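All of the numbers you see were taken from the coordinates with simple rules; none came from a lab. Everything quoted here is computed from the prediction, not taken from an experiment. Every residue, glycine as well, gets a Cβ built from its backbone with ideal geometry; the counts of neighbours run over all protein chains shown.
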Amino acid sequence: MPLHIDSLPIVKTADQAPRVRTFLFDVPDGLTWEPGTHIHVAIPGFNEGDQVRRELVRHMSVSTLPEEGYLGFTTRLDSSDSLFRRTLAGYGVGNRLAFFKCGSILAFPSDDRPVVLLSRDVGVASMHAASKSFASRTRASSSTRRKRSARRSSRSDRTAACPGPPRRKTGAPGAKRCPQV
């Protein structure tokens, strides 16, 4: 089976720090990914000839989420010994890159348990996408908890006058009863 390669033009760039740049691309039809996904990115011409020119290919962490509407990665451009990075440093909107072999080896919990993310160097990009995913999930989860809490609160307002079982002397006339919830 031949390797599927998408050739995509850069649609937006953003300098994050000196010599650190984010590259954004329109999402190819049918491509989906999760936080922690990596993808092979290549400079055009990497597969011309008999051998793949590995110096023109890099394994990049995807730093965006599908719902953002862009496929993106962030990288340092300060490695003067890297032909890939030197070429990429000169690229801007309209230049094309090749993408192939999308995958992930990271597994994140699907519930809203607290998570600690530790990373350095190239893994920071995947942690960026993961933290955005967790934050949006936590906001949705917090909203649900607030709604449940509000429902409980409105029930407890009805019983606030009688916080415990009714106190009355046996046979006492006019004993106060707590409303049924």
Distance in Å, no decimals, from the C-alpha centre of region 9-32 to the one of region 72-99 is 11 Å
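Excluding V11 itself, calculate the net charge of residues whose Cβ lies under 15 Å from the Cβ of V11, where each Lys or Arg counts +1 and each Asp or Glu counts -1.
Details: positive: K12, R21, R96; negative: D6, D26, E68.
Here the charged neighbours net out to 0.
Quick check for me: using +1 on Lys/Arg Cβ and -1 on Asp/Glu Cβ, what's the dipole size of region 1-80 about its Cα centre, in debye to the nearest 20?
Details: 7 positive and 11 negative charges, 75 e Å.
So the magnitude is around 360 debye.
Quick one: net charge of I43's neighbours, Cβ under 12 Å, K/R +1, D/E -1?
On the way: positive: R53, R54, R58, R85, R86, R96; negative: E48, E55.
Here the count lands on +4.
Once you list every other residue whose beta carbon is under 12 Å from the beta carbon of E55, what net charge do they have if Lys and Arg are +1 and Asp and Glu are -1?
On the way: positive: R53, R54, R58, R85, R86; negative: D81.
Taking every Cβ under 12 Å from that of E55, the sum is +4.
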Which residues qualify? For N95, with a placed amide H closer than 5 Å and at least 5 residues away or on another chain, they are I10
